[in-house]
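The values are calculated or read from the model by the stated rules, or taken from the named source; none is laboratory data. Every value quoted in this text rests on a predicted model; they were computed, and no experiment measured them. Note that we place each Cβ from the backbone using ideal geometry, even for glycine, and neighbour counts take in every protein chain shown. Ligands, DNA and RNA are stripped out before the accessible areas are found, and what is left, the full protein with its side chains, is counted by its heavy atoms. Shrake-Rupley method; radii C 1.70, N 1.55, O 1.52, S 1.80 Å.
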Amino acid sequence: MNNSVTNTARLLWAGLRALLVLTVVTGILYPLAITGVAQGLFPGRANGSEITSDGRVVGSSLIGQAYDLPLEKGQETPAPDLKWFQGRPRNGLGTNSVNTRYKLILSGATNRSGDNAELIKWVEDAKAAVVRDNSTPDHKVKPSEVPADAVTSSGSGLDPDISPAYAGIQVHRIAERNGLPVARVQRLVDEHTDGRLLGFMGEPTVNVLELNIALKELVAKS
């Protein structure tokens, strides 16, 4: 009986020691080591890929933002502020969408199939809105010019990037709203277009937050 108790106590003490050692190694030392390596090699990414403007953090290059007008009384979905470049739709345009304002807690897709009637209606409404919002007196956007990313959200609904084609059809509207030459705004888009990863992976993209920060600086100088 005494031997049994002794053996049990020894096993419990061995298990406790193993728990303490593993807790220190995997719960303290390993996270500190990984954090130190990350901070040493790529601190910007380790800290959330923050973007600064005027000396303060305004967002992350990994998370999209909304550029909307303030909500008016009785309004459920905010209207876009058309003096800024707009990102991808936030998981649909209706009040039943998963994420309409880039709220991180609501990240996710609509999970509707391609032939879903509501999704098709959202896409049709989005295309009509893109054509309407981006047409100016001297430049009319054609429905055939509207790219897919202008009318569909990403899987997360938080995509920070748009295609150069979507940025391009916004150029005339941005120029008109901000009193800038069209050529200068187009050059701004070109300067903020990132190519394919390693030259062949993925598609060219434009980070909307970085583009709008550059637009703000351009307007301030003009």
If I ask for residues that are assigned to a loop (DSSP other than H, G, I, E, B) and surrounded by fewer than 14 Cβ atoms within 10 Å (Cβ to Cβ), which ones from segment 43-76 would you list?
Asn47, Gly48, Asp54, Gly55, Leu69, Pro70, Leu71, Glu72, Lys73, Gly74, Gln75, Glu76
Answer yes or no: is there a residue in segment 201-210 that is farther than 24 Å from Val131 by Cβ and surrounded by fewer than 13 Cβ atoms within 10 Å (Cβ to Cβ).
yes
So which residues in segment 193-222 are within 19 Å of the chain's Cα centre (by Cα), more than 16 Å from Ile51 (Cβ to Cβ) and not in a loop (DSSP other than H, G, I, E, B)?
Thr193, Leu197
Can you list residue pairs whose Cβ atoms sit under 7 Å apart, with the first residue in segment 129-151 being under 22 Å from Asn207 (Cβ atoms) and the second being surrounded by 15 or more Cβ atoms within 10 Å (Cβ to Cβ) and of a type in the set (Phe, Trp, Tyr)? Count only pairs 6 or more apart in sequence or on different chains.
Pro147/Tyr166; Asp149/Tyr166; Ala150/Tyr166
Of Asp133, Asp149, Asp190, Asp125, which residue is in a helix (DSSP H, G or I), touching a helix residue (DSSP H, G or I) at 6+ places or on another chain (Cβ under 7 Å) and open to solvent by 30 Å² or more (accessible area, probe 1.4 Å)?
Asp133
